[in-house]
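Enquirer: Quick one: the structure is below, questions incoming.
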Amino acid sequence: MNILNDLLDPFIRFEFMRNSLAAVILVGLVCAPIGVYVVLRRMAFIGDALAHTILPGIVFASIRGLNLFVGAVLAAVATALGIGWLSRRESVREDTAIGIVFTGMFALGILLMSTTRTFRDFTHILFGNILGTTRDDLILTAIIAVIVIGSLVLFHKEFELTSFDPTHAEVIGLKADRQRYWLLILLALTVVTAIQAVGVVLTSAMLVTPAAAASLVTNRLPRMMMVATVIAIGSGVVGLYFSYRFSVASGASIVLTCTAAFGAAWLIRISVRWINRRRAA
Amino acid sequence: MFHFPYSRRHYTAPVAGAPALEVRQLSVMHADSDSLALKDVSLVVHPGERAALIGPNGAGKTTLLKAIAGLLPIVSGEILIYGLPVGACHHRVAYLPQRGEIDWRFPITLRHLVMTGRYVHLGWLRRPGREDDMAVDRALTIMGLSDLAQRQIGQLSGGQQQRTLLARALAQDADLLLLDEPLNAIDKDTRAMLATVMNDLRQQGKTVIMATHDLSRLEHDFERVLTLVDGRETILLEGVITPETNPMPL
């Protein structure tokens, strides 16, 4: 009982810890399932790019005293559409288009930041500050969670089909491109929620690592999404607790817990293979 | 039951008496360059016919099938499927791509892939029901895949993957089937199975167009041979085949 009390104590005592807990759970719920698509469709680079391109949106909103969240969402959606538009018909290859937009937007963000003469205000954007989650942040995150998860559930079969067989999708009149734009917009929304947890620099970890871990232990899509969600939420909670207990950076702590979970999944996979090979021999 | 089809037009009735496929003076661009892949191609295939589409590599066989499937824009000319333009009725056309176009590492089962053949009937938001399950089970049985239904698609052999794609085309219950080199790198059993299935399809009044390199059984398995020659300039030999008229005797 004492251990349990110990574990729960910070959450009972502090409101900011309860808010943070709600935030990491929401972030895990949103990031993991869409992260599975990011991994399967080899979009990891886009996730990373989106996180960086959000910076000018946030900085601009901050300078003008607007809502940071809204600034971030607008910048991310603009990026998603911009990358899609630049790379349509392969006039510029997609990874090249991402490289151009990503670095350009990030540089713009830094430039805007330097005009305010204080970088310190923005460190929590770069590295995340889940402990500073406010009630408003939580509400916005919850709304985004509903939009993203709702879309993924309602249009599961279309996202799935366009991911592994866009040709068949086109033959039956389902536009694979439109589906991709839609996924990019959902991804943009997701990235914005992840940023408040782990920051710009570490956001792609929340998208990619739990999904990659899940892909090592199962080869069924719904199950993969489930496992990824459990890993993401688990890592979020554990990481948050560690950061409180040992007074270390929360974002880094959460991401490292994800990394450890990936390591564990890797070990499980290796052991299962080893056992199977033994059995076969 | 509600139905939101993927494209606005759907379930248009076929034009009575129209050929299954009529291509008039069709020209189509290469996807990645500004040259023509097909130039002034014309052909007719009637309902219930099995047509072989032959020709050397790069002759435009895949391009022609893709244009008919609505995957490539038409530069000039016309394609009519049961008397209607491409895209007027998506459920009526099934396209079996070359195996390379699918991400076989994707985490879904064989049965699930076959089920995607039913999506054109479902449209947005609707999930597969009993009728769809039955159609899929039927297709799996015909192609001898029932035992493999729960396998992840990447764990199948080349022949099994080809059979899976054919099962999907069957599950779709289309009237015009476009098969792009289904005989490439498959085993003898699958080959025999394909011949049987094509015969059954013909008896059901379905139309099949199959791109192939295998000229050994043309007069046996097909009523019509379409020959595409030399990339752009295209000569089409058409007609009911007998051993005498076989355009490419071995």
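Enquirer: If B:TYR6 passes every condition in (1) more than 19 Å from the chain's Cα centre (by Cα); (2) open to solvent by 40 Å² or more (accessible area, probe 1.4 Å); (3) within 12 Å of another protein chain (Cβ to nearest Cβ); (4) not polar (S, T, N, Q) but one, which one does it miss?
Expert: Among (1) more than 19 Å from the chain's Cα centre (by Cα); (2) open to solvent by 40 Å² or more (accessible area, probe 1.4 Å); (3) within 12 Å of another protein chain (Cβ to nearest Cβ); (4) not polar (S, T, N, Q), B:TYR6 violates only (2).
Enquirer: Quick check on this structure: which one of A:LEU221, A:LEU207 is within 14 Å of chain B (Cβ to nearest Cβ) and open to solvent by less than 40 Å² (accessible area, probe 1.4 Å)?
Expert: Only one candidate qualifies: A:LEU221.
Enquirer: What are the pairs with Cβ atoms under 9 angstrom where one residue, in the range B:109-131, is facing chain A (nearest Cβ under 8 Å) and more than 16 Å from B:HIS91 (Cβ to Cβ) and the other, located anywhere, is assigned to a strand (DSSP E or B) and open to solvent by less than 50 Å² (accessible area, probe 1.4 Å)? Sequence gap at least six, or different chains.
Expert: From residues that are facing chain A (nearest Cβ under 8 Å) and more than 16 Å from B:HIS91 (Cβ to Cβ), the pairs are B:THR109/B:GLN152.
Enquirer: Residue under question is A:VAL227, and the condition is that it be in contact with a helix residue (DSSP H, G or I) (Cβ under 7 Å, 6 or more places away or on another chain), within 14 Å of chain B (Cβ to nearest Cβ), free of Cβ contacts under 8 Å to residues at least 40 places away in the same chain and assigned to a helix (DSSP H, G or I); does it hold?
Expert: Numbers: in contact with a helix residue (DSSP H, G or I) (Cβ under 7 Å, 6 or more places away or on another chain): yes; within 14 Å of chain B (Cβ to nearest Cβ): yes; free of Cβ contacts under 8 Å to residues at least 40 places away in the same chain: yes; assigned to a helix (DSSP H, G or I): yes.
Yes.
Enquirer: Of the residues that sit in the range B:132-166 and are within 14 Å of chain A (Cβ to nearest Cβ) and either more than 23 Å from B:ARG99 (Cα to Cα) or in contact with a strand residue (DSSP E or B) (Cβ under 9 Å, 6 or more places away or on another chain) (or both), which one is most open to solvent (accessible area, probe 1.4 Å)?
Expert: Looking only at the range B:132-166, we keep the residues that are within 14 Å of chain A (Cβ to nearest Cβ), and these are B:132, B:136, B:149-156, B:161, B:164-166.
Imposing the further condition that a residue be either more than 23 Å from B:ARG99 (Cα to Cα) or in contact with a strand residue (DSSP E or B) (Cβ under 9 Å, 6 or more places away or on another chain) (or both) reduces the set to B:132, B:149-153, B:165-166.
Working: B:ASP132: 13, B:ALA149: 11, B:GLN150: 115, B:ARG151: 99, B:GLN152: 15, B:ILE153: 0, B:LEU165: 4, B:LEU166: 10 Å².
By that ranking, first place goes to B:GLN150.
Enquirer: Quick one: in the range B:91-108, of everything that is outside any loop (DSSP other than H, G, I, E, B) and more than 9 Å from chain A (Cβ to nearest Cβ), which residue is farthest from A:GLU160 (Cα to Cα)?
Expert: Among those residues, the one meeting the criterion is B:ARG92.
Enquirer: So, one more: Consider B:ALA59 against the criteria (1) of a type in the set (A, V, I, L, M, F, W, C); (2) in a loop (DSSP other than H, G, I, E, B); (3) closer than 22 Å to B:PRO14 by Cα: it satisfies all of them except one. Which criterion is unmet?
Expert: Here B:ALA59 meets the rest and fails (3).
Enquirer: Given the criterion modelled with pLDDT of 80 or more and more than 18 Å from the chain's Cα centre (by Cα), identify the matching residue among A:SER91, A:SER87, A:SER62. Break it down into steps so the answer makes sense when it comes.
Expert: Working: A:SER91 fails: modelled with pLDDT of 80 or more; A:SER87 fails: modelled with pLDDT of 80 or more.
None of the others qualify; the one that does is A:SER62.
Enquirer: Which of (1) open to solvent by 40 Å² or more (accessible area, probe 1.4 Å); (2) within 12 Å of chain B (Cβ to nearest Cβ); (3) under 20 Å from the mean Cα position of the chain (by Cα) is the odd one out, the single condition A:ILE147 does not satisfy?
Expert: Among (1) open to solvent by 40 Å² or more (accessible area, probe 1.4 Å); (2) within 12 Å of chain B (Cβ to nearest Cβ); (3) under 20 Å from the mean Cα position of the chain (by Cα), the lone unmet condition for A:ILE147 is (2).
Enquirer: Hey, could you check the range A:154-185 for residues that are facing chain B (nearest Cβ under 7 Å), in a helix (DSSP H, G or I) and among the β-branched types (Val, Ile, Thr) and say which is nearest to A:HIS52 (Cα to Cα)?
Expert: Checked the range A:154-185; the qualifying residue nearest to A:HIS52 (Cα to Cα) is A:THR167.
Enquirer: Within the range B:24-63, count every residue that is more than 17 Å from B:LEU178 (Cα to Cα), within 14 Å of another protein chain (Cβ to nearest Cβ) and touching a residue at least 12 places away in the same chain (Cβ under 8 Å).
Expert: 3
Enquirer: Just to be sure I understand, how many residues within the range B:64-79 are surrounded by fewer than 19 Cβ atoms within 10 Å (Cβ to Cβ) and not in a loop (DSSP other than H, G, I, E, B)?
Expert: Residues that pass the stated criteria total 5.
Enquirer: Can you give me the number of residues within the range B:176-199 that are closer than 13 Å to B:ARG217 by Cβ, of a type outside the set (Gly, Ala, Ser) and out of contact with any Asp or Glu (no Cβ under 7 Å at 6 or more places or on another chain)?
Expert: Going through the range B:176-199, the residues closer than 13 Å to B:ARG217 by Cβ turn out to be B:183, B:188, B:191-192, B:194-196, B:198-199.
Of the ones still in play, those that are also of a type outside the set (Gly, Ala, Ser) are B:183, B:188, B:191, B:194, B:196, B:198-199.
Then keep just the ones that are out of contact with any Asp or Glu (no Cβ under 7 Å at 6 or more places or on another chain); that gives B:188, B:191, B:194, B:196, B:199.
Looking only at that region, the number is 5.
Enquirer: From A:LEU66, A:LEU50, A:LEU81, grab the single residue that is assigned to a helix (DSSP H, G or I) and open to solvent by 70 Å² or more (accessible area, probe 1.4 Å). Talk me through it step by step, then tell me what you get.
Expert: Values: A:LEU66 fails: assigned to a helix (DSSP H, G or I); A:LEU50 fails: open to solvent by 70 Å² or more (accessible area, probe 1.4 Å).
Only one candidate qualifies: A:LEU81.
Enquirer: Which residue, of A:ALA212, A:ALA188, is of a type in the set (Gly, Ala, Ser), away from chain B (no Cβ under 12 Å), more than 18 Å from B:ASP103 (Cα to Cα) and under 15 Å from the mean Cα position of the chain (by Cα)?
Expert: Working: A:ALA212 fails: more than 18 Å from B:ASP103 (Cα to Cα).
It is A:ALA188.
Enquirer: Output the residues belonging to the range A:130-144 that are assigned to a loop (DSSP other than H, G, I, E, B) and surrounded by fewer than 19 Cβ atoms within 10 Å (Cβ to Cβ). Reasoning before the result, please.
Expert: Pass one, the range A:130-144, residues assigned to a loop (DSSP other than H, G, I, E, B): A:133-134.
Correct list: A:THR134 only.
Enquirer: If you take the residues in the range A:150-174 that are under 30 Å from B:LEU65 (Cα atoms) and small (Gly, Ala, Ser), which one is surrounded by the fewest Cβ atoms within 10 Å (Cβ to Cβ)? Write out each step before concluding.
Expert: Residues of the range A:150-174 that are under 30 Å from B:LEU65 (Cα atoms), as a first pass: A:155-174.
Checking which are small (Gly, Ala, Ser) leaves us with A:163, A:169, A:173.
Values: A:SER163: 22, A:ALA169: 24, A:GLY173: 20.
So, considering only residues that are under 30 Å from B:LEU65 (Cα atoms) and small (Gly, Ala, Ser), the one surrounded by the fewest Cβ atoms within 10 Å (Cβ to Cβ) is A:GLY173.
The values are calculated or read from the model by the stated rules, or taken from the named source; none is laboratory data. Predicted, not measured: the structure shown is a model, and the values here were computed from it. So basically every Cβ, Gly included, is an ideal-geometry build from the backbone, and we count neighbours across all protein chains shown. With ligands, DNA and RNA removed, areas are computed over all heavy atoms of the protein, side chains included. Shrake-Rupley method; radii C 1.70, N 1.55, O 1.52, S 1.80 Å.
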